[in-house]
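Asker: Got a structure for you, written out below as structure tokens; questions coming shortly.
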Amino acid sequence: MSFNIRSIREISTDPTTKFISHLAKRISDFQNASQQEDLENKEDIYSAGQDVESFVGFHSDLTSTKVFDFETEYYPPTEPDGDKLRIWLRGTNIGNDLKDWSGEDIETEIHGEPSLIDGTPFDLGIHTGGVKSTALRCNVPDTPHESQDYFTITHTNRSRASEGLATGISFFIRFRALSLAQDGGEEATLYEKFDNTGITDGVQIRLSTGGRVKFHVKNTNVEYNMQTAAGTIVTDTVYDLWCTYAKSGNVQHIYVNNVDKSLSASDSPDWHADTTNYDATVFSIGAGTAAGSLYGDLYDFRMYREQVVSAAQVGYMYTNKWTIANIPFGQVMVSDYWATYDPSTPGESFTGTSYTSMSYTTP
């Protein structure tokens, strides 16, 4: 749907109004001409402005509804907790920035032009009609923004990847890869960040062309590089991926759809070229290296710092889709999620049975 924004308010056909509009235009033209004559370089009057093109997009096919039965019990999730969960991104909007749902309000910039899409078949358990979820589709082939769609998370002391860890760290990524091909000679990258110019601390999560998940941790200038022992990821499938690192014993785990995968040693990764830029990057390698982009969909990205998520908590998230708390599917309390109630629909208390003598019997 498109229209000329100038047509929102048309000029009145009233003769007096038309005369005033014409007179205002003549005065404006005279004033501009007078100012232009006073300039040494008459081109200056044109260089003071910039022509901007913009548009408003309507996603009318991404609507959904929820019917509350007033019987289901809802329970509050663990996240956001104001402590361990440092970053939480969701594929729910386009524009310039992604909201950080963790409460940290860490700035995340959208690069390129990802598309907001229906995330079917993935179901968040909070809809009874319409789309079940949404995602951001990135790096569609043969488009102007191929290999240019990614997200950067501004570096802060609380968003560091591995520097200064005492306990450990956990990463959660819900995604769908539509290709496992390399980009610019680098493997598809789900996440990349280092914390200092010397790159003594950093984390990288990649996908091999054969579908292995690679989890690279660099801590105090020592590398720990592991990968799934066999191909795990196939295209056009939504995955819940957890990568955890425990500082004690330098233990790594990779969970794919609630399965703790067998791991083997992996190669050492390349890091982004601009060693002065500590921002994290999702769906690309990062600053100074235009490579490693992933053609696929981003649903959810989270980082839990100083928390090594357990296998049980991985299972809880896989079940309820929202939280590492033990809550059944469809019963997670979502803040500010609501629906209207139609009082014209009779409830159970207005059935024929409720008007029998039995319904008025007191104990």
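The values are calculated or read from the model by the stated rules, or taken from the named source; none is laboratory data. Everything quoted here is computed from the prediction, not taken from an experiment. Using ideal geometry, Cβ is built from the backbone for each residue, glycine included, and neighbour counts are taken over all protein chains shown.
Asker: Please indicate, with yes or no, whether at least one residue in region 204-221 is part of a loop (DSSP other than H, G, I, E, B), basic (Lys, Arg) and surrounded by fewer than 21 Cβ atoms within 10 Å (Cβ to Cβ).
Answerer: For region 204-221, residues part of a loop (DSSP other than H, G, I, E, B), basic (Lys, Arg) and surrounded by fewer than 21 Cβ atoms within 10 Å (Cβ to Cβ): absent.
Asker: If you don't mind, another one. In a strand (DSSP E or B) and in contact with a strand residue (DSSP E or B) (Cβ under 8 Å, 6 or more places away or on another chain) - does that describe any residue in region 270-279?
Answerer: The answer is no, given that none of the residues of region 270-279 is in a strand (DSSP E or B) and in contact with a strand residue (DSSP E or B) (Cβ under 8 Å, 6 or more places away or on another chain).
Asker: Still on this model: Give me a count of the residues in region 90-108 that are assigned to a strand (DSSP E or B) and surrounded by 14 or more Cβ atoms within 10 Å (Cβ to Cβ).
Answerer: 3
Asker: What about THR189, is it farther than 17 Å from GLN252 by Cβ, out of contact with any His (no Cβ under 9 Å at 6 or more places or on another chain), of a type in the set (Val, Ile, Thr) and not in a loop (DSSP other than H, G, I, E, B)?
Answerer: Yes; evaluated as a whole, the condition is true for this residue.
Asker: Another one. Condition test on SER354, is it modelled with pLDDT under 55, surrounded by 11 or more Cβ atoms within 10 Å (Cβ to Cβ) and not assigned by TED's automatic domain parsing to the domain that holds VAL238?
Answerer: Answer is yes for this residue.
Asker: I would also like to ask the following. Condition first: small (Gly, Ala, Ser) and either outside the structural domain of GLY112 (by TED's automatic domain parsing) or surrounded by 24 or more Cβ atoms within 10 Å (Cβ to Cβ) (or both). Now tell me which residues in region 297-327 satisfy that.
Answerer: Selection gives ALA325 alone.
Asker: Also, I was wondering about something else. Return the residues of region 256-269 that are farther than 12 Å from CYS243 by Cα and either assigned to a loop (DSSP other than H, G, I, E, B) or outside the structural domain of ALA311 (by TED's automatic domain parsing) (or both); say none if nothing qualifies.
Answerer: Listed by number, the residues that qualify are SER262, SER266, ASP267, SER268, PRO269.
Asker: Sort out which residues of region 222-253 are among the charged types (D, E, K, R) and part of a strand (DSSP E or B), and write them in order of number.
Answerer: GLU223, ASP240
Asker: Residue under question is HIS111, and the condition is that it be surrounded by 15 or more Cβ atoms within 10 Å (Cβ to Cβ), at pLDDT below 90, touching a strand residue (DSSP E or B) at 6+ places or on another chain (Cβ under 9 Å) and in the same structural domain as ASP236 (by TED's automatic domain parsing); does it hold?
Answerer: Spelling it out, it is not the case that HIS111 is surrounded by 15 or more Cβ atoms within 10 Å (Cβ to Cβ), at pLDDT below 90, touching a strand residue (DSSP E or B) at 6+ places or on another chain (Cβ under 9 Å) and in the same structural domain as ASP236 (by TED's automatic domain parsing).
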